[in-house]
1. What ratio of Cα Rg to 2.2 N^0.38 Å holds for the chain?
2. Counting only heavy atoms of the protein chains, get the accessible area per residue of the chain (1.4 Å probe) and round it to a whole Å² value.
3. Place the peptides 34-43, 21-30 in order of packing, highest mean first, counting for every residue the other Cβ atoms within 10 Å and averaging per peptide.
4. Can you pull the percent of the chain's accessible area that's carbon plus sulfur, 1.4 Å probe, other chains left in place?
Amino acid sequence: MAKDVLCEVNTCRHWGDGNQCQADKIYIISHSSHEKAQSSAETDCKTFEAK
Ligand code: SF4
């Protein structure tokens, strides 16, 4: 289980100083056109909410 989630997406309302995600939990999804993601570029944070 990830204790500290570091994230650079400072346009998200869960983003905090020091690039610390402030959400209680986050949900990461695959947006790969393949069956399984093959790289980090094929994953996304579904918990993102614009400020
Ligand atoms: S919810 Fe996702 S996008 Fe938003 S700060 Fe946390 S990790 Fe980043």
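The values are calculated or read from the model by the stated rules, or taken from the named source; none is laboratory data. Please read these numbers as outputs of a predicted model, since none were measured by experiment. Note that we place each Cβ from the backbone using ideal geometry, even for glycine, and neighbour counts take in every protein chain shown. Surface areas here come from the heavy atoms of the whole protein model, side chains and all, with no ligands, DNA or RNA. Shrake-Rupley method; radii C 1.70, N 1.55, O 1.52, S 1.80 Å.
1. 1.21
2. Values: 4490 Å² over 51 residues.
On a per-residue basis, the chain sits at 88 Å².
3. Working: 34-43: 10.0, 21-30: 12.7.
Final packing ranking: 21-30, 34-43.
4. On the way: 2190 of 4490 Å².
Ligands and nucleic acids excluded, carbon and sulfur give 49 percent.
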